[in-house]
1. Kindly establish whether A:ILE457 is away from chain B (no Cβ under 14 Å) and crowded, with 22+ Cβ neighbours inside 10 Å.
2. Go through the stretch A:12-34 and give me each residue that's within 8 Å of chain B (Cβ to nearest Cβ), part of a loop (DSSP other than H, G, I, E, B) and touching a strand residue (DSSP E or B) at 6+ places or on another chain (Cβ under 6 Å).
3. Step by step: first the residues of the stretch A:52-94, then only those that are hydroxyl-bearing (Ser, Thr, Tyr) and touching a residue at least 24 places away in the same chain (Cβ under 8 Å), then the one that is farthest from A:LEU112 (Cα to Cα). Which residue is that?
4. Name the pairs: first residue in the stretch A:255-271 and free of Cβ contacts under 8 Å to residues at least 60 places away in the same chain, second residue surrounded by 14 or more Cβ atoms within 10 Å (Cβ to Cβ), Cβ to Cβ under 6 Å, at least 6 apart or on different chains?
5. Is it the case, given these coordinates, that A:ARG370 is among the basic types (Lys, Arg), assigned to a loop (DSSP other than H, G, I, E, B) and surrounded by fewer than 23 Cβ atoms within 10 Å (Cβ to Cβ)?
6. Look through the stretch A:439-450, keep the residues that are part of a loop (DSSP other than H, G, I, E, B) and more than 9 Å from chain B (Cβ to nearest Cβ), and return whichever of them is farthest from the chain's Cα centre (by Cα).
7. Grab the strands (runs of 3 or more DSSP E) fully contained in the stretch A:87-178, keeping just those with 3 or more residues being among the aliphatic types (A, V, I, L, M) and within 12 Å of chain B (Cβ to nearest Cβ).
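The values are calculated or read from the model by the stated rules, or taken from the named source; none is laboratory data. Here the structure is a predicted model, which is why all the values come from computation and not from measurement. Virtual Cβ from ideal backbone geometry, glycine too; neighbours counted across all protein chains shown.
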Amino acid sequence: MQPQNVVEKIWSRHAVTRLEDGETLLYVDRVLVHEGFWWSIADALRAGRRPVHRPSSVIACADHFVPTSSRASGHAGIADERRRELILRLENEGGELGVKVIGMMDERQGILHVVAPEQGITHPGLVIVGSDSHTSTHGALGSLAFGIGTTEATHAMATQTLWQSAPQTMRIFVGGRLPASATAKDLILTIIARLGVGGGAGRFVEYAGSAIAALSIEERLTVCNMSIEMGARAGLVAPDETTFSYLAGRPSAPQGRDWDVALAYWKTLRSDDGARFDREITIDGGAVVPMATWGTTLEHAIPIDAPIPDPANESDPLRRHAFERALAYMDLRPGQRLSDVGIDRVFIGSCTNGRLDDLRAAAAVVRGRRATVPAFVSPGSREVKRAAEIEELDRVFIEAGFEWHDSGCSMCAGANGDTLAPNQRCVATSNRNFPGRQGPGSRTHIVSPASAAASAIAGRVVSAAQLQTHL
Amino acid sequence: MTPLRTIDAVAVPLDESNVDTDQLAPGRFLMRSVSPELLLHDRRFDAQGKPHVGFVLNDPAYAGAQIIVARRNFGIGSSREAAALALPTAGFRCVIAMSFGDIFYGNCLRNGVLPIVLDETTVGALLQALRARPGMHLVVDLPSQTVAGEGLGPFAFAISPARKQCLLEGLDDAALTDRYRDAIAAFEANYYRAFPWLA
């Protein structure tokens, strides 16, 4: 048989039918939805008189609009009436339709892409779609996971399928091993800086190589999460022993004999020797350093201690134009160092970097120091929050002057009202630095949790290592 | 979905790359139904809701435009369908660019908006012409898959046959999928025999 890559294996296992032009009717195992779009999907299902085909395959989680403070007062604590209404619609209508609802007051509540892996809902070999672009996160466990719009999500819920064009594939081979000073976030920023925001366009990416194999699941979740930021439809890591031991015993993971059958199948989900990819690139994992974005797309990422590039040196006129616009928007000059740039806020959290290891890494930098700018920590889920509090990480943050919040998407997307004031500069562990992403006129620098923590202490954009030398 | 065949309309030159979904439909509006003001809201309006005079979409010379021409990476970012739906709600039926965000591209097709990919030279020529002759029309013809303007083109573009058919007839995916109900049922029977814990 012709060698197949892991994407092709999962794809062909889910192909219900193929049209002549390559469009595939792809079977969908799980549909992820949040309250930001639930209402629109529910309205469309109602308008089309479509029942939910397989309610147990739908996971509906409250994360985008939920407040990250005053959670104790429940829904009454939601200041904005419309947001409260939409959260309640997800919880009530989801319940009526029989889908798996993880509502605002649920003990498991958190960001969809933190909660599903944590609960063992994400397995290798699944096709997972979500009404959220960061659904690519779930590829970390070897699933084929991608974001879709609400019309497609409605279709997936009504028919358990999606029409998809044949997958273009790409392998990003990361050799060596990440140095201790660099994180998974720095790796994915390095990859995006190299490939550009359109570099993965339309492709399903497999991350492979020794540096990827050495990553924990939490780190792989960070890498796969940001696949969408280079335009890729999905990113995944073929399942291995790290994956299997992460999944074993989680609430929604298969148990007993099912586990054995599942495991035997999961072990087949590797790219065969000689498997073909439409594009392959190699990155030296050992050369990854702490990174930060200076501009308004994720390809505007540089080593955090490097000078801001000069658009005059950019040969491509379109990139040069984008550079100039980004510099003006961010109020920065070519040659300037980010470590000389004063900041107004720090945000630690999101589906990219809101997991326990992220909070540990940030707390390790913060311990015994003081934040010099307002800094905000929102754990990725209540489970993460509880685990962090058992380790007393909350105390480390609070004693350093950080705010310790409840879980949600919060300031990453600003959909719940956690936003910056115009022209405020924020160092964030989230995933997008787009103009106005964190509120009109907001300026965002994307970094790792350790660098975000260091920046809160320094009041400037710095890595943990730079913080040491400056003190 | 409204069928789409030919658009003969004013085109507006948005000479930028990386017009992302947060610009197209800012996150703080996602809890509302899409309004004509949503599209590129913070680019078009100031904090008081007054139009930014310098922004090309507010330029009266391009009033009534139904086509946007932009550069690279149009619609990168979020899956929010509002970013695509904001276009027809504001009167736009077509975006021409060198490349698109993948999810946005799919969302356009499902909201009766035609995303057209053309090469750098062609997009550059279109932008130049639209700036030089504000208010000029472009003619987008889906059946023949061409874009033309006075003294420009026709330029051919590609689109998947299935997507083209849906746009031409105003069909949604469900109509097509319903023809495969039996195939889906057969697939499920086999699939859940192999993976019963997923059922």
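1. yes
2. Scanning the stretch A:12-34 gives A:GLU23, A:ASP29.
3. Among those that are hydroxyl-bearing (Ser, Thr, Tyr) and touching a residue at least 24 places away in the same chain (Cβ under 8 Å), it is A:SER69.
4. A:ASP258/B:TRP197
5. Taking the combined requirement at face value, the residue satisfies it.
6. A:SER442
7. Output list reads A:127-130.
Conditions tested, residue by residue: (1) in contact with an Asp or Glu (Cβ under 6 Å, 6 or more places away or on another chain); (2) surrounded by fewer than 21 Cβ atoms within 10 Å (Cβ to Cβ).
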position	(1), (2)
A:GLN2	no, yes
A:LEU19	no, yes
A:GLY22	no, yes
A:HIS34	yes, no
A:ASP43	no, yes
A:ARG50	no, yes
A:VAL58	no, no
A:GLY74	no, yes
